[in-house]
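Novice: Sharing a structure, written as structure tokens. Questions coming.
The values are calculated or read from the model by the stated rules, or taken from the named source; none is laboratory data. Only a predicted model underlies this, so the values are computations on that prediction, with no experimental measurement involved. Methodologically, a virtual Cβ is constructed for each residue, glycine included, from the backbone with ideal geometry; neighbour enumeration extends over all protein chains shown. Keep in mind that these areas ignore ligands, DNA and RNA; they rest on the heavy atoms of the full protein, side chains included. Shrake-Rupley method; radii C 1.70, N 1.55, O 1.52, S 1.80 Å.
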Amino acid sequence: MQKVAELGKASDVEVGQTAIAIGNPLGMEFAGSVTKGIVSGLNRNIPVDINGDQQPDWQTEVLQTDAAINPGNSGGALINLQGEVIGINSMKIAKAEVEGIGFSIPMDVAKPVIEDLETNGEVERPYMGVSLQDLNQIPNPVLQRELGLPEKVTEGVLVQGVEKGSPADEAGLEKYDVITAIDGNEIESLISLRQYLYNQAQDGDTAELEVYRDGKPTTVQITLTSR
């Protein structure tokens, strides 16, 4: 008789405990393969390039393990000795000089996604409707001469475009606005803004953006919606 595995908690996972990876490495020929190792690290943040522009779009929070993880293992369970699922096998560092560095998405990170899929059939995220660029990718002379920013403003995101009819458009955000904070939380980069939106904000929330427009600070109220 098959049973549904219980889900573990990230707070119970410790470095050095046994970790068992289950999956289908290299395809169905090796379906159900099991490898064993330990949990090597907690709360690792791995940059991920989603759109292929050679710039990180997200920091994925993962557990590190030396249990062998290979192509085809992704989506399989990482379990503890009690049979509880503590992670979802996701990726590894594949270099000739590297051995035994694999990563799994912790269950505390995966569970909200699972719940969205079960409830709505898709993952809903608050969105603003803007195209953005990290401020630290723009030369300082451009920031000060063309955007009129004070010298102290070196982190944030530049609005490159606003989608018509989007929350950003309705809030009055404009091209070349510079967003430096949301709800009092400093925005260092596009990644930090996305992390706040995806982890802290909810559909229908009204957020306060701290914005520099033509070099002068102002605030913008934006009502977030799911895409």
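Novice: Which residues, taken from the range 118-140, are under 21 Å from ASN199 (Cα atoms) and β-branched (Val, Ile, Thr)?
Specialist: Going residue by residue through the range 118-140, those that are under 21 Å from ASN199 (Cα atoms) are 118-134.
Result: THR119, VAL123, VAL130.
Novice: Among the residues of the range 148-160, write down those that are in a loop (DSSP other than H, G, I, E, B), out of contact with any helix residue (DSSP H, G or I) (no Cβ under 9 Å at 6 or more places or on another chain) and either under 14 Å from ASP177 (Cα atoms) or among the small types (Gly, Ala, Ser) (or both). Walk me through how you get there before you give the answer.
Specialist: Restricting attention to the range 148-160, the residues satisfying the condition of being in a loop (DSSP other than H, G, I, E, B) are 148-156.
Now drop any that are not out of contact with any helix residue (DSSP H, G or I) (no Cβ under 9 Å at 6 or more places or on another chain), which leaves 148, 152.
Of everything in the range 148-160, just one residue is in a loop (DSSP other than H, G, I, E, B), out of contact with any helix residue (DSSP H, G or I) (no Cβ under 9 Å at 6 or more places or on another chain) and either under 14 Å from ASP177 (Cα atoms) or among the small types (Gly, Ala, Ser) (or both), namely GLY148.
Novice: Next question, about the same structure. Please verify whether the range 170-193 includes one or more residues that are within 25 Å of the chain's Cα centre (by Cα), free of Cβ contacts under 8 Å to residues at least 24 places away in the same chain, in a loop (DSSP other than H, G, I, E, B) and under 18 Å from THR225 (Cβ atoms).
Specialist: no
Novice: Turning to a different aspect of this structure: When you scan the range 56-73, how many residues do you find that are charged (D, E, K, R), part of a loop (DSSP other than H, G, I, E, B) and at pLDDT 85 or above?
Specialist: 1
Novice: Something else about it: For the range 200-213, does any single residue satisfy the condition of being closer than 23 Å to ASN45 by Cα, of a type outside the set (A, V, I, L, M), surrounded by 14 or more Cβ atoms within 10 Å (Cβ to Cβ) and under 17 Å from the mean Cα position of the chain (by Cα)?
Specialist: No; the residues of the range 200-213 include none that is closer than 23 Å to ASN45 by Cα, of a type outside the set (A, V, I, L, M), surrounded by 14 or more Cβ atoms within 10 Å (Cβ to Cβ) and under 17 Å from the mean Cα position of the chain (by Cα).
Novice: For the range 179-191, check the following and say yes or no: at least one residue is surrounded by 14 or more Cβ atoms within 10 Å (Cβ to Cβ), more than 30 Å from ASN45 (Cα to Cα) and not acidic (Asp, Glu).
Specialist: No, the range 179-191 contains no residue that is surrounded by 14 or more Cβ atoms within 10 Å (Cβ to Cβ), more than 30 Å from ASN45 (Cα to Cα) and not acidic (Asp, Glu).
Novice: Considering only residues of the range 19-32 that are open to solvent by less than 40 Å² (accessible area, probe 1.4 Å) and not in a loop (DSSP other than H, G, I, E, B), which is farthest from SER74 (Cα to Cα)? If you could, list the steps in order and put the result at the bottom.
Specialist: Taking the range 19-32 as the starting set, the residues that turn out to be open to solvent by less than 40 Å² (accessible area, probe 1.4 Å) are 19-21, 23, 25, 27.
Next, only the ones that are not in a loop (DSSP other than H, G, I, E, B) stay: 19-21, 23.
On the way: ALA19: 15, ILE20: 14, ALA21: 10, GLY23: 7 Å.
Applying the filter and picking the extreme gives ALA19.
Novice: In a loop (DSSP other than H, G, I, E, B), modelled with pLDDT of 90 or more and either over 30 Å from LYS111 (Cα atoms) or among the hydroxyl-bearing types (Ser, Thr, Tyr) (or both), is that true of GLY165? Step through it out loud before you land on a result.
Specialist: Working: in a loop (DSSP other than H, G, I, E, B): yes; modelled with pLDDT of 90 or more: yes; either over 30 Å from LYS111 (Cα atoms) or among the hydroxyl-bearing types (Ser, Thr, Tyr) (or both): yes.
Yes; evaluated as a whole, the condition is true for this residue.
Novice: May I pose another question? Could you list, in sequence order, the residues of the range 74-105 that are within 14 Å of THR35 (Cβ to Cβ), out of contact with any Lys or Arg (no Cβ under 8 Å at 6 or more places or on another chain), small (Gly, Ala, Ser) and outside any loop (DSSP other than H, G, I, E, B)?
Specialist: ALA77, GLY87, SER104
Novice: Taking only pairs six or more apart or across chains, which ones have beta-carbon atoms under 7 Å, a first residue in the range 113-139 that is open to solvent by 70 Å² or more (accessible area, probe 1.4 Å), and a second residue that is at pLDDT 90 or above?
Specialist: Sorted first by the residue in the range 113-139, then by its partner, the pairs are ASN136/GLU155.
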